[in-house]
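The structure appears right after this line, and notes come after that.
Please treat every number below as a calculation from the coordinates, not as lab data. Source: prediction; values computed, not measured. All Cβ positions, glycine included, derive from the backbone under ideal geometry; neighbour counts span all protein chains shown.
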Amino acid sequence: MVKRVAIIGAGVSGLTSIKGCLEEGLEPSCFERSDDIGGLWKFTETTGHGMTKVYKSVVTNITKEMSCYSDFPFPENFPNYMKHTLVMEYLHSYAKHFDLLKYIHLKTTVCSVTKRQDFTTTGQWDVVTDMEGKRDTAVFDAVMICTGHYLNPHLPLESFPGINKFQGQILHSQEYRSPEGFQGKRVIVIGLGNTGGDIAVELSRAWNTGIQCQIFLICCGAWVDSRLSDDGYPAHMIQTTRFLHLVTRSLPSAIVDWMGKRRMSKWFNHKNYGLSNPKGRQQKRVANDELPSYILCGAVTMKINVKEFTETSAIFEDGTVEENIDVVFFATGYTYSLPFLEEPMEKICKNKIFIYKYIFPSNLEKATLALIGHVGLQGSIIVGTELQARWATRVFKGLCKIPPSNKMMAEATKKEQLVRRGVIKDPTQGKQNYITYLDDLATCMGAKPNILLLFFKDPRLAKEVFFGPCTSYQYRLVGPGKWDGARKAIMTQWDRTLKPLQTRVIPDYPEPTSISHWLKVWGAPILFVAVLLTYKSSLYLHLLDKLIQVNYYNY
């Protein structure tokens, strides 16, 4: 029976994994290689291999109500989109509130995780750690890997002829901290994801000196979306509802794609701004409220891919040339790495098709290794990792079951073959649908709310759960880990959303009565009277006509 659990990493995934273990009566030991919790949310001036951190100005892309742990809302005075300092404050509060810190070993690196010789019967692991030069080996009944995706920067230099003779700086976005030192320079940013867009915008500001950089942003196309919905509410709260989820799942994918493109095109025409993809290519989505304005002002110039570099210039595929380039930033993502695992184990963990629900490797005879936070999700990773950890710890304890290893391997192998033959799309490519994935995990552990039953028992709550934003609190209404404060958290989520916006109290002055107001009040009665009068007029004219005809014949 699983009792002792090793947790690798004390970021957002590691913290909720500790709490998940405690909720199930397990004994967690968390190993964190840095000197603090928070993972990549902990800002530092320097970074290195395997130590990716946020840059100085980073702001969350998902609103606080959609990205909090399910039984610990963000403070109501926190802004909806937060700087990393506030996220770190929240994580420290979470760890302190649930007394998690005493289970964390800081400045401790996990060197290796290997199966014990009797793994097929015990499911146990040997975990070797290093704390400032002191090595230690311990036996654990289960392991939760919470290191995330952002370990090794991906630098595709081989795809850019001449890059080796380029005399300017070549940097990965992992190394970016602030715009200091880049003022007045001509910079190429390769890759338009959330990070690439943020770097391009921030470098073009150069507030310190008043001297703008000239930024050339290289991308294959992207949908640039705003953090705000049309009426000014946080976009994720408006777009991520069970009602809309049901509607989109009921419609053909072509119609859903068309609706999404039409909505995003209302903000600005992406083709005019050089952001559209060639027809037939998948186009990713980026959250950036400022990029269109900076393109419009000429501070950011969109370019096609670089064909070749020279010592000081870049030659693009359309034949244009930009001279005197000072810096090239590669915002090209990261390569997936789990260096503490043995080669066969690491290889299968890299192939997400063989990871059951993106958590459990299919080849293990005992389900005692879980990947937490290693899934791409169309929403907050905090919410996703918490449900993953809650379910995984219940699997460890034997309260939830997963299919046998041979069955999972057979299904994964079949799926892999279909992908290779082009029969189906690779399900691991792109991000998983937020509500679909969370509901799947919640169903496995009995924590998914029954909406139909809820409409009978608590209509007000059901209305908010179904038509309102699908916040994490919904997964604390029922089942294991039920939280008594979940209902209140759901019913007050819009109060916490509006609280930081209402810092200037505006008196409710009586507004002048508008034409639209009178139409709303008197429109229906007026329409009824008009129809009645029209009908009576027609009847009167008909009778008058008959009377005239009778009089005519009598005459």
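Here's the picture: charge each Lys and Arg Cβ at +1 and each Asp and Glu Cβ at -1 in the chain, and of L296, S313, Y434 the one pushed furthest to the positive end of that dipole is Y434.
With contacts taken as Cα pairs under 8 Å and at least 6 residues apart, segment 155-333 reaches a relative contact order of 39 percent.
Rounded to the nearest 20, the size of the Cβ-charge dipole of segment 434-501 about its Cα centre is 220 debye, with Lys and Arg at +1 and Asp and Glu at -1. Look at the dipole of segment 434-501 built from charges on Cβ: of Q493, L454, F467, the Cα furthest out on the positive end belongs to Q493. Magnitude of the charge dipole for the chain, about its Cα centre and with charges confined to Cβ atoms of Lys, Arg (+1) and Asp, Glu (-1), is about 1600 debye.
Taken along the Cα-to-beta-carbon direction at a fixed 7 Å, the label points for E158 and V419 span 2.1 nm.
Taking every DSSP bridge with both residues inside the chain, close to 40 percent are antiparallel. Projecting label points 7 angstrom from Cα along Cα→Cβ for M259 and V321 puts them 5.1 nm apart. Shape class for segment 155-333, computed from the alpha carbon gyration tensor (a ≥ b ≥ c): prolate, with a/c not under 1.5 and a/b above b/c. Net charge dipole, segment 24-149: roughly 420 debye, given to the nearest 20, about the Cα centre with Cβ charges of +1 for Lys and Arg and -1 for Asp and Glu. Straight Cα distances below 17 angstrom link K482 to the aspartates and glutamates E23, E24, D71, E386, D439, D458, with same-chain residues fewer than 8 positions distant left out.
Simple rule: put +1 on each Lys or Arg Cβ and -1 on each Asp or Glu Cβ in segment 155-333, find the dipole, and look at G181, F166, S253; the Cα lying farthest toward the positive end is S253. Stretching D484 away from E180 to a fully extended chain increases their span by 104.6 nm, per 0.36 nm per residue minus the current alpha-carbon distance.
To the nearest 500 deg cm²/dmol, what mean residue ellipticity at 222 nm is calculated for the chain from DSSP H runs of n ≥ 4 alone, each contributing -39,500 (n - 2.57), summed and divided by the residues?
About -11000 deg cm²/dmol.
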